[in-house]
Amino acid sequence: MHELLNIAPEVAGAIRDHRPVVALESTVIAHGLPRPQNLQTARRLQDLVREAGAVPATIAVINGKLTVGLSDDQIRSLADDGDIRKISTRDISLAVAQGWNGATTVASTIWIAHRAGIKVFATGGIGGVHRGALPDVSADLPELARTPIIVVCSGAKIVLDLPATREWLETHAVTVVGYQCDELPAFYSRGSGLPIDARVETPADVLNVFHAQQALGIESALLVVMPVPAKFEVPAEELQLVLNTALEDAEWKEIAGPALTPFLLSQMAERSGGATLRANIALLENNARVAAGIAREMV
Ligand code: PSU
Ligand code: MN
């Protein structure tokens, strides 16, 4: 396993010395955000984690190596190359065997981060149960159910079936705590009306729950959810219209599978005059900052 992992020296040193580390995914860079905001955001997230006193570890697969802590050149090529693979858990073995380059999703990022010894991960939104007749369920969900790591996010993207996603998490025993909030956020919007399992106020509260999970030998992730900062929220009613159009477009163009999420996100950004993009960046930044605070509290 360890010769397949390529951990940057700074990250390896921090893990070894039990200093705070925050893992970050790369699909959001390669597929989730448009250029040039994707590169700016990737760099900014790393800076924010550093400013908050933790070491950032952006993860991807480079030449078949599971790479933990990307160099700036590696991040730039993920952001600039229009033809980067999206690597989920099922692709990890292929990527290693065939020497692929690719961006990792939440699922494959937490798979790798956990095996590298990292305990905190931040992203924008997790994948979930898609809308529509075909039961398209993101591999993020089963991976959350079997990876003991803290995942800081703003819920699941609004393009998904949020009630079904919430039910899935409950069925598979993924604990969801609201960080200073009382309901599951809906990504661009602050509320979904769907319940969390408990509210927490501080990094110490989060760690109390995580430590209890570890003492109990619970294998699932601890999902820590927090809403987009109020200033950048896109109200749900406003969103519904652009989302409906994007969904119709996807159906019309027969876009499905791994291409669906990136397509819907870009359509919504375009049709909202950039409001969803600004919200997406704001929540990514906020989540990275809070994750760093949790990682710091851990040591
Ligand atoms: N959230 C975002 N932007 C993204 C994603 C999530 O705001 O690009 C990515 C994540 O990497 C997540 C993936 O793991 O979408 C889910 O894709 P799928 O539904 O194909 O599993
Ligand atoms: Mn899918």
* Asked: What lysines sit close enough to Lys157 to cross-link, taking a C-alpha to C-alpha distance under 24 Å and skipping anything fewer than 8 places away on the same chain?
  -> Lys86, Lys119, Lys231, Lys253
* Considering only DSSP beta bridges with both partners in the chain, what is the antiparallel share in %, to the nearest 5? -> 25
* **Electrostatic dipole magnitude of the stretch 51-93 [Cβ: Lys, Arg +1; Asp, Glu -1; Cα centre; debye, to 20]** => 280
* At 1.4 Å probe size, with no ligands or nucleic acids counted, give the accessible surface of Trp100 in Å², nearest ten. => 40
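Tell me whether the chain comes out rounded, prolate or oblate; compute the Cα gyration tensor, take square roots of the eigenvalues as a ≥ b ≥ c, and use a/c under 1.5 as the rounded threshold. Display every interim value, and only then the final one.
Details: a/c = 1.43, a/b = 1.14, b/c = 1.25.
Verdict is rounded for the chain.
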* Structure fact -> Carbon plus sulfur, as percent of the 1.4 Å-probe accessible area of the stretch 1-114, comes to 48
* Structure fact -> Candidates Ala139, Ala97, Ala236; GNM for the chain (alpha-carbon contacts under 10 Å) flags as most fluctuating Ala97
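Counting Lys +1, Arg +1, Asp -1, Glu -1, what net charge surrounds Ile110 among other residues with beta carbon under 13 Å of its beta carbon?
-1
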* Taking the Cα centre of the chain as origin, work out the dipole magnitude from +1 charges on Lys and Arg Cβ and -1 charges on Asp and Glu Cβ, in debye rounded to 20. => 600
* **the stretch 231-299: trypsin sites (Lys or Arg not before Pro) falling in loop per DSSP and having at most 13 other Cβ within 10 Å** => Lys253
* To do: Quick one: what are the phi-derived ³J(HN,Hα) couplings along the stretch 210-218, Karplus 6.51/-1.76/1.60 with θ = phi - 60°, whole Hz, x for glycine and proline?
  => 4, 5, 5, 4, 5, 4, 7, x, 6
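The values are calculated or read from the model by the stated rules, or taken from the named source; none is laboratory data. Please read these numbers as outputs of a predicted model, since none were measured by experiment. With ideal geometry, Cβ positions are generated from the backbone for all residues, glycine too; neighbour counts draw on all protein chains shown. Areas reflect the complete protein model, heavy atoms only, side chains present, ligands, DNA and RNA absent. Shrake-Rupley method; radii C 1.70, N 1.55, O 1.52, S 1.80 Å.
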